[in-house]
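Asks: Before I ask anything, let me first share the structure, which is written out below as C-alpha cells.
The values are calculated or read from the model by the stated rules, or taken from the named source; none is laboratory data. Everything numeric here is computed off the predicted structure, so don't read it as measured data. Backbone-built Cβ (ideal geometry, glycine too); neighbour counts: all protein chains shown.
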Amino acid sequence: MQIAVTFKNIDPSENLKRYAGEKLERLDKYLDNPAEAAVVLSVEKHRHIAEISIFGDRLNINGKEEAIDMYAAIDLTLDKLEKQIKKSKEKIRERKGKLKSKPKAFGRQSPTEAEGGERLIKVRYVDYKPMDVEEAVMQMELTHNNFFVFTNARTEQINVLYRRNDGHLGLIQPSA
C-alpha cells in the first residue's frame, strides 16, 4: 500500500508517519488489489484530527476522527475504516452469491425464511432445455428426482414431468 502522510498545523513527526504506516499495513490484508492511502494529520486548538482516505480498485473509503491524542485519533479512524472495508467486502460477497444463485444446475436447493419467520421454504432452481417428452422421461429416470422441468420441443412451452403417488408419471402442460 502506498501511503502519503500530510501534516497541518503540526510539526512533521517521523514517529507519527511510521505509526500510521504500520497501522495501515494491517488493513492491507483485507484489500485484494494494491491501494493508496492519503493520511492528513492536523491539530485545531486542542483537537487532534486524523483523516484517512483509501483508494483502490473499486474501493474509495474515507474516515475522519478526532481525539485528545493524535495516536488515539489514528486508531479510531483506522477502526472506522476497517469496519467500512469489511462491510464493503461483505456486500461484494453477497452480490457474487446472488449472481451464482441464478439457475445453473438442476436440483440445487437453498433455504429461505418466509416473512413470518415460522415457515421454511426450500427453493429449487432448475435449468430447462428443449426436448421431447420421451427424452424428459429418460432424464428424470437418470436423476431420480420427483419432477423434471423442460421445454417441450414440439410446443415450445415449459412442461413439468412428475412422479405420481402410484409410481406412474404425470405431465403438466400449459393450456392455450
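Asks: Looking at (1) part of a strand (DSSP E or B); (2) modelled with pLDDT of 85 or more, which one does Phe148 not meet, given that it meets all the others?
Replies: Of everything listed in (1) part of a strand (DSSP E or B); (2) modelled with pLDDT of 85 or more, Phe148 misses just condition (2).
Asks: Only residues that are of a type in the set (A, V, I, L, M, F, W, C) and either more than 21 Å from Tyr125 (Cβ to Cβ) or surrounded by 13 or more Cβ atoms within 10 Å (Cβ to Cβ) (or both): list them for region 137-169, please.
Replies: Val137, Met138, Met140, Phe147, Phe148, Val149, Phe150, Ala153, Ile158, Val160, Leu161, Leu169
Asks: Which condition number does His48 fail, the rest of (1) at positive phi; (2) buried (at least 16 other Cβ atoms within 10 Å of the Cβ); (3) of a type outside the set (S, T, N, Q) being met?
Replies: Evaluating His48 over (1) at positive phi; (2) buried (at least 16 other Cβ atoms within 10 Å of the Cβ); (3) of a type outside the set (S, T, N, Q) leaves (1) as the failure.
Asks: Looking at this structure, is Ala38 in contact with a His (Cβ under 6 Å, 6 or more places away or on another chain) and without any contact (Cβ under 8 Å) to a residue 60 or more places away in the chain?
Replies: No, not satisfied.
Asks: Scanning region 1-45 for residues that are more than 16 Å from Ala72 (Cβ to Cβ) and among the polar types (S, T, N, Q), which turns out surrounded by the fewest Cβ atoms within 10 Å (Cβ to Cβ)?
Replies: Asn33
Asks: Restricted to region 51-60, and to residues that are closer than 18 Å to Ser88 by Cα and out of contact with any helix residue (DSSP H, G or I) (no Cβ under 6 Å at 6 or more places or on another chain), which residue is surrounded by the most Cβ atoms within 10 Å (Cβ to Cβ)?
Replies: Ile54
Asks: As an exercise: evaluate Asp79 against (1) in a helix (DSSP H, G or I); (2) touching a helix residue (DSSP H, G or I) at 6+ places or on another chain (Cβ under 6 Å); (3) modelled with pLDDT of 90 or more and give the number of the one condition it does not meet.
Replies: (2)
Okay, residues lined up against (1) assigned to a helix (DSSP H, G or I); (2) in the same structural domain as Glu22 (by TED's automatic domain parsing); (3) more than 30 Å from Asn159 (Cβ to Cβ); (4) at pLDDT below 85:
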position: Val40; (1), (2), (3), (4): no, yes, yes, no
position: Ile52; (1), (2), (3), (4): no, yes, yes, no
position: Lys64; (1), (2), (3), (4): no, yes, yes, no
position: Ala72; (1), (2), (3), (4): yes, yes, yes, no
position: Glu90; (1), (2), (3), (4): yes, yes, yes, yes
position: Arg93; (1), (2), (3), (4): yes, yes, yes, yes
position: Thr112; (1), (2), (3), (4): no, no, no, yes
position: Leu142; (1), (2), (3), (4): yes, no, no, yes
